[in-house]
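Comments concern the structure below.
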Amino acid sequence: MQFVNLTLTGISNGMIYAAVALALVLIWRATRIINFAQGAMLMFTTFVAKAVIDQTGSYWWGFVAALACGFAFGAFVELVIVRPVENKPPLNAVIVTLGLLILIQAGAGMLFGVTPESFPPAFGIRGYVLDGQRLLFTSTDLFIVLSILGLALVLLLLFRGTTLGLQMRASAFEPEVAVASQQSVQALLATIGALPVRCRQAFMLHKFEGLSHAEVAEQMGISVKMVEKHIKMGLQACRGCLAQQETASSPPGARDASPGGRP
């Protein structure tokens, strides 16, 4: 029975560490910065939840308050503190996040006191009964395990099964390539926007809305031959834009070695 208790307690405690590790990985992938203040931020939102529970008597109001506080706090830290040091020397981020860690710890001590407190359980502290003996594994532990497993599953489906998630993964793995791709898309949109009005209309109806040449001609009240001319003009402009983007992004040596470059 001791083995069962230790195993189940280890799973419950391990899930908490897994959630912290998951947050560290997500932050690292998004910013390439290790946030040493993450534990202090977790502690601060826990104190906020405890204060709300003490005031309302409801665990779930405290749960919602912790999520909202964590979201707002994380957004503030990323925008105001982390983002300005993203492209700076790595030591800058280390110093900034360590300073934030000390600041949050001091602020929490002044606001909530320094006396250790126990957090109210979500459901209860009485363990389940197995074979006539009471386990240390409680309904609150089960809630922790299922919640974190559910969160991990949601993130897995997001990053592997949705377009947004795949784009986020691509940006995280190759941020420079993602930025370059975004710039190329913006340049193409600008090129399309600069086309003559009728040409742009025909090009967008065909390429963006998927209409055939005949359908575009009928909708615009022009001949199919004129539609083909407009689309050909749009394609030539887009190819010229892409060629210009490739030339601008290629290394100087590669441009010099190209047939059109200088020897």
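The values are calculated or read from the model by the stated rules, or taken from the named source; none is laboratory data. Given the structure is predicted, the values throughout are model-derived calculations rather than measurements. FYI the Cβ positions are ideal-geometry reconstructions off the backbone, even for glycines, and counts take in every protein chain you see.
Condition first: surrounded by 15 or more Cβ atoms within 10 Å (Cβ to Cβ), at pLDDT 85 or above and assigned to a loop (DSSP other than H, G, I, E, B). Can you find one or more residues in segment 232-247 that meet it?
No.
Quickly run through segment 15-37 and pick out the residues that are surrounded by 13 or more Cβ atoms within 10 Å (Cβ to Cβ) and more than 16 Å from the chain's Cα centre (by Cα).
15, 16, 18, 36, 37
May I ask you to verify whether residue 105 is out of contact with any Cys (no Cβ under 6 Å at 6 or more places or on another chain) and under 30 Å from residue 8 (Cα atoms)? Working first, answer last.
Numbers: out of contact with any Cys (no Cβ under 6 Å at 6 or more places or on another chain): yes; under 30 Å from residue 8 (Cα atoms): no.
No.
Within segment 170-227, considering only helices (runs of 4 or more DSSP H) that don't extend past its boundaries, which have at least 2 residues that are in the same structural domain as residue 240 (by TED's automatic domain parsing), among the acidic types (Asp, Glu) and modelled with pLDDT of 80 or more?
213-220
Of everything in segment 38-56, what is of a type in the set (S, T, N, Q) and surrounded by fewer than 16 Cβ atoms within 10 Å (Cβ to Cβ)? Give them in sequence order.
Of all residues in segment 38-56, those of a type in the set (S, T, N, Q) come to 38, 45-46, 55-56.
Across segment 38-56, the qualifying residues are 55, 56.
For segment 37-56, which positions are at pLDDT 90 or above and not in a helix (DSSP H, G or I)?
Residues satisfying the conditions do not exist here.
Please indicate, with yes or no, whether at least one residue in segment 8-16 is in contact with a helix residue (DSSP H, G or I) (Cβ under 9 Å, 6 or more places away or on another chain), at pLDDT 90 or above and within 14 Å of residue 119 (Cα to Cα).
Checked segment 8-16: no residue is in contact with a helix residue (DSSP H, G or I) (Cβ under 9 Å, 6 or more places away or on another chain), at pLDDT 90 or above and within 14 Å of residue 119 (Cα to Cα).
Can you tell me which of (1) closer than 20 Å to residue 21 by Cα; (2) out of contact with any helix residue (DSSP H, G or I) (no Cβ under 7 Å at 6 or more places or on another chain); (3) outside any helix (DSSP H, G or I) is the one residue 34 doesn't meet?
All conditions are met except number (2).
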